[in-house]
Amino acid sequence: MKNNIYGVYGASGFGREVMPVVRAQLQSSGVSADRIYFVDDNPESSSINGHKVLCFKEFVEEEAADRFVVLAIADGGIREKLAGKCSESGVKFFSAVANNVVLMDAVDIGDGAILSPFVTITSNVKIGCGFHANIYSYVAHDCVIGDYVTFAPSVCCNGNVVIEDHAYIGTGAILRQGRPGNPLVIGRGAVIGMGAVVTKNVPAGITVVGNPARPLQRG
Ligand code: UDP
């Protein structure tokens, strides 16, 4: 454990919010703060909030038994791409879980999640890899969430909702609860605008806004 190094990949706004969560989590298992880095491909400075910023190459070359990252970049497509690059270089993943997160019964979450402060996941929930739940979001019972799904702050995801891979749910959106055997479905890559109230299924790749949420009319 002591010889491992850890990275928060993405040294921008969200990464700076994730770092204190990661530091508290790792320090409680004996990792010293100087083994925890920001990793960024376009670093704007060499140190942020007391942590060194390394480019990916430097992180991979840094002496360590094992290297772990959490991908703290809101764009799920970028997370998937960077996950592939990390895996190719033998970099492993860890999840960042704030110390006041509530996880109820039978919660199954894939690798590399970020559960920010005040997040609650209730019972019998299944979530894929690379999930982000930003501050104050919740996921209620019997939801099934795919890979690289992103929740902005304060997302209310009620029970029996299915969210497919790469969907993005904006700040304060409310997803109406589905029924057992007839879930509300948010399709792959759909975008739910901030504050939207989603009462019906959203097809893949569509952006919806408003209350009740409707497809965004562009131009
Ligand atoms: N980034 C990176 N590699 C990539 C894409 C992005 O290191 O392939 C970094 C980028 O340099 C920036 C951060 O990830 O520092 C993304 O920050 P942004 O402000 O776009 O988003 P957020 O912090 O909200 O996720």
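The values are calculated or read from the model by the stated rules, or taken from the named source; none is laboratory data. It should be emphasised that the depicted structure is a prediction, and the values quoted were computed from it without experimental measurement. Heads up, the Cβs are rebuilt from the backbone with ideal geometry, glycines too, and the neighbour counts pull from every protein chain shown. Quick note on the areas: whole protein, heavy atoms, side chains included, nothing else; ligands and nucleic acids left out. Shrake-Rupley method; radii C 1.70, N 1.55, O 1.52, S 1.80 Å.
Observations, loosely collected:
- Loop GluC sites (Glu not before Pro), region 55-155 (other Cβ atoms within 10 Å of the site Cβ: 10 or fewer; DSSP): GLU63
- Separation in nanometres of the label points that stand 7 Å from Cα toward Cβ, at VAL197 and SER89: 4.7 nm
- Rounded if a/c under 1.5, otherwise prolate or oblate - region 1-83, Cα gyration tensor axes: rounded
- Counting only DSSP beta bridges with both residues in region 81-194, the antiparallel share comes to about 5 percent.
- Paramagnetic label zone (point 7 Å from Cα along Cα-to-C-beta, SER123; backbone N under 20 Å) in region 89-103: 101-103
- Summed residue charge, Cβ within 14 Å of VAL53's Cβ, Lys/Arg positive, Asp/Glu negative: -3
- Between the helical axis of 76-88 and the longest alpha-carbon principal axis of the chain there is an angle of about 40 degrees.
- Where trypsin sites (Lys or Arg not before Pro) fall in DSSP loop in region 1-95, at most 10 other Cβ within 10 Å: LYS2
- Once you reduce region 79-121 and region 1-41 to the center of their Cα atoms, the two points are 13 Å from each other.
- Charge dipole magnitude, Cβ of K and R +1, D and E -1 - region 14-132, Cα centre, debye nearest 20: 180 debye
- The trypsin sites (Lys or Arg not before Pro) of region 120-219 that DSSP puts in a loop, and whose beta carbon has at most 13 other beta carbons within 10 Å, are LYS200, ARG218.
- Dipole magnitude for region 43-101: computed about the Cα centre from +1 point charges on Lys and Arg Cβ and -1 point charges on Asp and Glu Cβ, it is near 140 debye.
- Per residue accessible area of the chain, 1.4 Å probe, in Å²: 47 Å²
- Among ILE78, ILE114, PHE38 the positive-end extreme of the charge dipole of region 3-140 (Cβ point charges): ILE114
- Only protein heavy atoms count here; under a 1.4 Å probe, THR199 has an accessible surface of about 50 Å².
- Difference of contour (0.36 nm per residue) and Cα-Cα distance, GLU58 to ASP34: 7.1 nm
- Under 5 Å, built H, 5+ apart or other chain: amide partners of VAL107: ASN124, VAL125
- Length available on full extension from ARG179 to ARG218: 0.36 nm per residue minus the Cα-Cα distance, which gives 10.8 nm.
- 3J(HN,Hα) along region 185-194: 10, 9, x, 3, x, 5, 10, 9, x, 4 Hz, from the Karplus curve 6.51 cos²θ - 1.76 cosθ + 1.60 with θ = phi - 60°, whole Hz, x for Gly and Pro.
- Long pairs among LYS57/LYS81; LYS81/LYS200; LYS85/LYS200, criterion Cα-Cα beyond 25 Å: LYS81/LYS200; LYS85/LYS200
- Taken about its Cα centre, the chain carries a charge dipole of about 640 debye when Lys and Arg each add +1 at the Cβ and Asp and Glu each add -1 at the Cβ.
- Potential extension, ASP105-ALA65 segment - 0.36 nm per residue separation minus Cα distance: 11.0 nm
- Karplus-derived HN-Hα couplings along region 66-73 (A = 6.51, B = -1.76, C = 1.60, θ = phi - 60°), whole Hz, x at Gly and Pro: 9, 10, 10, 10, 10, 8, 9, 10
- Rounded to 5, percent antiparallel among DSSP beta bridges of region 46-144: 10 percent
- Helix-derived mean residue ellipticity, 222 nm - over the chain, DSSP H n ≥ 4, -39500 (n - 2.57), to 500: -4500 deg cm²/dmol
- Rounded tilt (10° steps) of 13-27 against the dominant C-alpha axis of the chain: 60 degrees
- Computed in the context of the full set of protein chains, the accessible area of region 102-219 at 1.4 Å probe radius has 55% of its extent on carbon or sulfur.
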